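Down below is the structure, laid out as structure tokens.
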Amino acid sequence: MKIYNTLTRQLDTFVPNEEKKVKLYTCGPTVYHFAHIGNLRSYIHEDILEKYLRYSGYDVDRAMNITDVGHLTSDGDEGDDKMVNSAKKEQKTVLDIARFYTDAFFEDCEKLNIRKPDTIVPATTQIDNYIKMITKLFEDGYAYMAGGNVYFDTSKLENYYVLNNNNERDMIIGAREDVTADENKKNKSDFVLWFTKSKFDDQELKWDSPWGYGYPGWHIECSAISINHLGEYLDIHCGGVDNIFPHHTNEIAQSEAYLGHKWCNYWFHVQHLNMGSEKMSKSKGGILTVNTLIENGYEPLAYRYFVLSSHYRKSLEFSYDNLAGAQNAYQKLKGRIAKLSKEEMPLSEEEYNKFKAQFAEAMDDDFNTSLAITTIYDLMKSEANDYTKRRLIDEFDTVLSLDLTKEVEAATVENEAEILALIEERNEAKKAKNYARADEIRNGLLEKGIRLIDTKEGTNYELVK
Ligand code: AMP
Ligand code: ZN
């Protein structure tokens, strides 16, 4: 299996530290807002990575954090905490905001068939681990205190920019548009490990620490959570490309300084989803969520199909036209698969082996999901019998998770009264601003193959094939 490794800047053959076992870490969402479909593009490809490793016989142990403290508006050490801003805006506590958007994130993941990682760790539950790590970094001379904050001293490292080919200026210009000089820092690339009240007075969540009452920096969260849950040797770390600098660069700096040895062998990064040539971003607004897609008549899995039709290392341009094309292709493919006979027949062995090998070849080549989907089209056209086709598609779908052989029971006229009653209830819920119930009704019907269409004249429905 070949995987493009940001650390070596080449396709590397994947060899885990322990035979047939993979330790995988994923940067989780910052839960101050709904995840947008760009974020979810990253999580879909990370889900494919995990599932293909499992399909290939690896036992995968995967951990993911939930960033509910410390992620500032600049990605670096400037600005306010994103969670605090959101809590103020919505007049809720930070923990309420975190709970609400964490639940919303996993609901979106479920709609997109993204598996929940084995271990999910909210950053606010790990304060003791950050303190333990920062204490050792102090003892070993990697940390210093200035202006009330604890900083990591990047000049103590031989090579801080390991992920960026030492291209320091490019990375700084590329990733940090709003950097202002922090006079406390000894070196401009130093970053905060622990903030205290001396810098930000309005942080809602703070904890006691040897360096004062305060809160952790964003980067230390992922290092500590990963080391604590997956151990000192990590096989693969993943995230979107915007995480390469400063987040992952800083994670490597502090983790390896703390451990005293190399930490993670493979760095997997997903390119951005763009809209109108700009990356989709929560902080810039104008984002689309899974629910917006549903409201516009798209199936979440048609979006998954759209995402899998292009390579994860290429940026992907979103438009409703592109999505409509994908949905059309997806529904047609499902329609053709539904017509395959369900009768048991002897396996067409030669064809079975041939297409299994073709699928593995595509996926082993740095997870080429688009070619993996092409394999299904080739299979459908082939001489293999229907039983063999179904069986292979079921196997491939344990990775692609497009519900290709799952058939929704078609709605019938007998249950029309029930559908109309639910439409009525949804209208009432919307009037009462109970959007959660309204969405629940819409999504519940969609799962049964009934899609609601809102028009000026009222709500109609259509049957999804
Ligand atoms: P956040 O919730 O901002 O911490 O981001 C969650 C994940 O989404 C991270 O892995 C980001 O790198 C990734 N991400 C952010 N924006 C995009 C985008 N437009 N396209 C793909 N991935 C993204
Ligand atoms: Zn992270």
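The values are calculated or read from the model by the stated rules, or taken from the named source; none is laboratory data. Since we're looking at a predicted model, the values are computed, not measured. FYI the Cβ positions are ideal-geometry reconstructions off the backbone, even for glycines, and counts take in every protein chain you see.
Structural remarks
- Qualifying residue in segment 285-295 (condition: buried (at least 16 other Cβ atoms within 10 Å of the Cβ), part of a loop (DSSP other than H, G, I, E, B) and in contact with a Lys or Arg (Cβ under 8 Å, 6 or more places away or on another chain)): no
- Residue check for Lys282: part of a loop (DSSP other than H, G, I, E, B) and modelled with pLDDT of 95 or more: no
- Thr374 vs. criteria polar (S, T, N, Q), assigned to a helix (DSSP H, G or I) and closer than 26 Å to Asn274 by Cβ: yes
- Scope segment 97-111; condition out of contact with any Phe, Trp or Tyr (no Cβ under 7 Å at 6 or more places or on another chain) and not aromatic (Phe, Trp, Tyr); matching residues: Ala98, Arg99, Thr102, Asp103, Glu107, Asp108, Glu110, Lys111
- Restricting segment 1-10 to residues that are over 29 Å from Pro122 (Cα atoms) and part of a loop (DSSP other than H, G, I, E, B), the residue that is nearest to ligand 1 (Cβ to nearest atom): Arg9
- Which listed residue is at pLDDT below 95 and more than 31 Å from the chain's Cα centre (by Cα), from Glu344, Glu350: Glu344
- Given (1) in contact with an Asp or Glu (Cβ under 7 Å, 6 or more places away or on another chain); (2) part of a helix (DSSP H, G or I); (3) not acidic (Asp, Glu), number of the condition Thr249 does not satisfy: (1)
- Flag if Asn322 is within 16 Å of ligand 1 (Cβ to nearest atom), not in a loop (DSSP other than H, G, I, E, B) and not small (Gly, Ala, Ser): yes
- Residue ID - nearest to ligand 2 (Cβ to nearest atom), chosen from residues in segment 25-48 that are under 10 Å from the mean Cα position of the chain (by Cα) and of a type in the set (Val, Ile, Thr): Thr26
- From the options Glu407, Glu428, residue that is of a type in the set (D, E, K, R), more than 30 Å from Arg54 (Cβ to Cβ) and modelled with pLDDT under 95: Glu428
- Residue match in segment 124-134 (condition: surrounded by 15 or more Cβ atoms within 10 Å (Cβ to Cβ), closer than 30 Å to Tyr435 by Cβ and within 14 Å of ligand 1 (Cβ to nearest atom)): no
- Contact annotation: residue pairs with Cβ atoms under 6 Å, 6 or more positions apart or on different chains, pairing a residue in segment 249-261 that is under 14 Å from Leu193 (Cβ atoms) and modelled with pLDDT of 95 or more with a partner that is of a type in the set (Ser, Thr, Tyr) and outside any helix (DSSP H, G or I), are Ala253/Tyr160; Ala257/Tyr142.
- None of Lys334, Lys406 is part of a helix (DSSP H, G or I) and within 26 Å of Ala302 (Cα to Cα) except Lys334.
- Some residue of segment 16-24 being of a type in the set (D, E, K, R), within 21 Å of Ile127 (Cα to Cα) and either within 16 Å of ligand 2 (Cβ to nearest atom) or buried (at least 20 other Cβ atoms within 10 Å of the Cβ) (or both): no
- Looking only at residues of segment 238-277 that are more than 15 Å from the chain's Cα centre (by Cα) and within 9 Å of ligand 1 (Cβ to nearest atom), we find that the one that is surrounded by the most Cβ atoms within 10 Å (Cβ to Cβ) is His247.
- The residues in segment 115-156 that are at pLDDT below 95, at negative phi and in a loop (DSSP other than H, G, I, E, B) can be counted, and the count is 1.
- Candidate set from segment 422-439 (those that are surrounded by 16 or more Cβ atoms within 10 Å (Cβ to Cβ) and within 28 Å of the chain's Cα centre (by Cα)); member that is nearest to Val290 (Cα to Cα): Asp439
- Segment 14-40, residues that are among the charged types (D, E, K, R) and either without any contact (Cβ under 8 Å) to a residue 40 or more places away in the chain or within 23 Å of Val84 (Cα to Cα) (or both): Glu18, Glu19, Lys20
- Within segment 449-465, the only residue that satisfies the criterion of being buried (at least 17 other Cβ atoms within 10 Å of the Cβ) and more than 14 Å from Leu422 (Cα to Cα) is Val464.
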